[in-house]
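Novice: Let me give you the structure first, and then I'll get to my questions.
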Amino acid sequence: MPLPRGLPVVDHHCHLSPTGEGVAAVRRFRSAGGTHLFLTTQNYEPTVPRSLEDYVRQYETTERLAKQIMDETGVEVYSVIAPYPVDLIGAGEALGLPVALELHRAALDLAGTWVREHRAVALGEVGRAHFPVPAEVAESIDEAFRHAFEVARDVGCPLVVHSADLDSNGFRELSERAREVGLPPERVVKHFARSRLPPGERSGIVPSYLARRELVRQVQDDPGPWFFETDFLDDPARPGAVLDLATVPRRALAVSSEPGGADRLFVPFVESIEKVYGWRPEVRDVGGS
Ligand SMILES: [Zn+2]
């Protein structure tokens, strides 16, 4: 059974690079049935940003890619922007940790301004280093993480968190952190979720599940909110490091061919987006290929 007409097919987290496959990868996504992408920024240059101008350039690259994709493929793209937490390591070495932290906070504030101006829809990805770092660096990263919650609260937007895979305790901790600063946990997305947690164990945090076949099977009946993602990296040097960009529409097709499957897809592709972001993605009927 084909995907239902009018159903958005959404990859909630991917990266694309002007020096990678870029638009060609999105054409593959579209041919497989994909309609909407949440495009998360990344460092596009060999060194980490060391000034606010560097971050402006980075966010503008993401925005330009998003526009190019929409113009050339008709796929709707939402930008998600923030300084990478681990930027603090390289920037700290170059500038000294206090200056690097100041820069990081300014880059988060800038991302918040962009969301206010509707140039981006969420802050991400933010979080902690998922490898060991010196204690004072870890402290700065944690302080930056806290500021990310504050900016999301002030702007009133979702916060997309990168972390190790979390169990129910990890979700509760994240939820408490959000509450502490006054951000509703329902606006916090745990991206790159690799194991299923039932709704009652998520403390309000929203998982964005990696669209591996087995995981899709486990979560497809969950009442939500939750998302599917590939975390596609668009890095020719690391093929297969994560899932291909065509994965979410392929899995969606498999789910929709089961009895009641098409209805279930409204949970990650429509209802969850409405709950977390506050609007419903619409399918435009446009040309492009
Ligand atoms: Zn990512």
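Novice: Most mobile of THR47, THR62, THR113 per a Gaussian network model of the chain (Cα springs, under 10 Å)?
Specialist: Checking each option, the largest mean-square fluctuation is seen for THR47.
Novice: Next up: Charges on Cβ only, +1 for Lys and Arg, -1 for Asp and Glu, centred on the Cα centroid of the chain; of ALA262, GLN68, VAL126, which one is farthest towards the dipole's positive end?
Specialist: In the chain, that residue is ALA262.
Novice: Let me ask another. Report, in debye and to the nearest 20, how large the dipole of the stretch 167-259 comes out about its Cα centre when Lys and Arg carry +1 and Asp and Glu carry -1 on their Cβ. Write down the numbers at each step before the final one.
Specialist: Working: 14 positive and 15 negative charges, 16 e Å.
So the dipole magnitude of the stretch 167-259 works out to roughly 80 debye.
Novice: Given a 1.4 angstrom probe, I'd like the percentage of the accessible area of the chain that is carbon and sulfur, rounded to a whole number.
Specialist: On the way: 6270 of 12500 Å².
Exposed carbon and sulfur together represent 50 percent of the surface.
Novice: Also, I was wondering about something else. Could you list the GluC sites (Glu not before Pro) in the stretch 69-170 that lie in coil according to DSSP, counting only those with at most 14 other Cβ atoms within 10 Å of their Cβ?
Specialist: Numbers: sites: GLU72, GLU76, GLU93, GLU102, GLU117, GLU125, GLU136, GLU139, GLU143, GLU150; in loops: GLU117.
The qualifying sites are GLU117.
Novice: Which net charge results for the neighbourhood of LEU215, defined as the other residues with beta-carbon distances under 9 angstrom from its beta-carbon, given Lys and Arg at +1 and Asp and Glu at -1? Intermediate values should be presented prior to the final figure.
Specialist: Details: positive: ARG194, ARG196, ARG212, ARG213, ARG217; negative: GLU214.
With Lys, Arg at +1 and Asp, Glu at -1, the net is +4.
Novice: Here is a further query. Quick one: net charge around LEU52, please, counting Lys, Arg +1 and Asp, Glu -1 for every other residue with C-beta under 14 Å from its C-beta. Write out the running numbers ahead of the final one.
Specialist: Details: positive: ARG50, ARG57, ARG105; negative: GLU53, ASP54, GLU60, ASP87, GLU102, ASP109.
Every neighbour counted, the sum reads -3.
Novice: Over the chain, what is the relative contact order in whole percent, taking alpha-carbon pairs under 8 Å and six or more residues apart? Display every interim value, and only then the final one.
Specialist: Working: 558 pairs, mean separation 67.2, N = 289.
In percent, rounded to a whole number, it is 23.
Novice: Just going by the charge dipole of the chain, with Lys and Arg at +1 and Asp and Glu at -1 on Cβ, which of SER195, SER175, ALA252 is farthest out on the positive end?
Specialist: Farthest along the dipole direction, towards plus: ALA252.
Novice: Using a 1.4 angstrom probe, figure out how much accessible area the chain has per residue, in square angstrom, rounded to the nearest whole. Write out the running numbers ahead of the final one.
Specialist: On the way: 12500 Å² over 289 residues.
Value for the chain: 43 Å² per residue.
Novice: Rounded to the nearest angstrom and ordered from largest down, what semi-axes does the equivalent ellipsoid of the stretch 1-120 get from its C-alpha gyration tensor (root of 5λ)? Spell out each step's value before the answer.
Specialist: Numbers: eigenvalues 200, 39, 25 Å².
In descending order the semi-axes read 32, 14, 11 Å.
Novice: Next up: Could you give the dipole magnitude of the stretch 133-289 about its Cα centre, charging the beta-carbon of Lys and Arg +1 and that of Asp and Glu -1, in debye to the nearest 20? Provide the component values of the computation, followed by the final result.
Specialist: On the way: 20 positive and 27 negative charges, 91 e Å.
For the stretch 133-289, the charge dipole is close to 440 debye.
Novice: Add +1 for every Lys or Arg and -1 for every Asp or Glu among the other residues with Cβ under 12 Å from the Cβ of THR19, and state the total. Before the final figure, lay out each step's value.
Specialist: On the way: positive: none; negative: GLU21, GLU45, ASP234, ASP235.
Result for the local shell: -4.
Novice: Give me the Kirkwood hydrodynamic radius of the chain, using the inverse of the mean 1/r over all pairs of distinct Cα atoms, in Å to one decimal.
Specialist: 19.1
Novice: Related question: Among GLY124, GLY204, GLY278, which one shows the highest mean-square fluctuation when the chain is modelled as a Gaussian network with alpha-carbon springs under 10 Å?
Specialist: GLY278
Novice: Turning to a different aspect of this structure: Would you work out the charge dipole size for the chain about its Cα centre, treating the Cβ of every Lys and Arg as +1 and the Cβ of every Asp and Glu as -1, and quote it to the nearest 20 debye? Before the final figure, lay out each step's value.
Specialist: Working: 32 positive and 43 negative charges, 167 e Å.
Dipole about the Cα centre, nearest 20: 800 debye.
The values are calculated or read from the model by the stated rules, or taken from the named source; none is laboratory data. Model, not experiment: these values are computed from the prediction. Cβ atoms come from the backbone with ideal geometry, glycine included; neighbour counts cover every protein chain shown. Ligands, DNA and RNA are stripped out before the accessible areas are found, and what is left, the full protein with its side chains, is counted by its heavy atoms. Shrake-Rupley method; radii C 1.70, N 1.55, O 1.52, S 1.80 Å.
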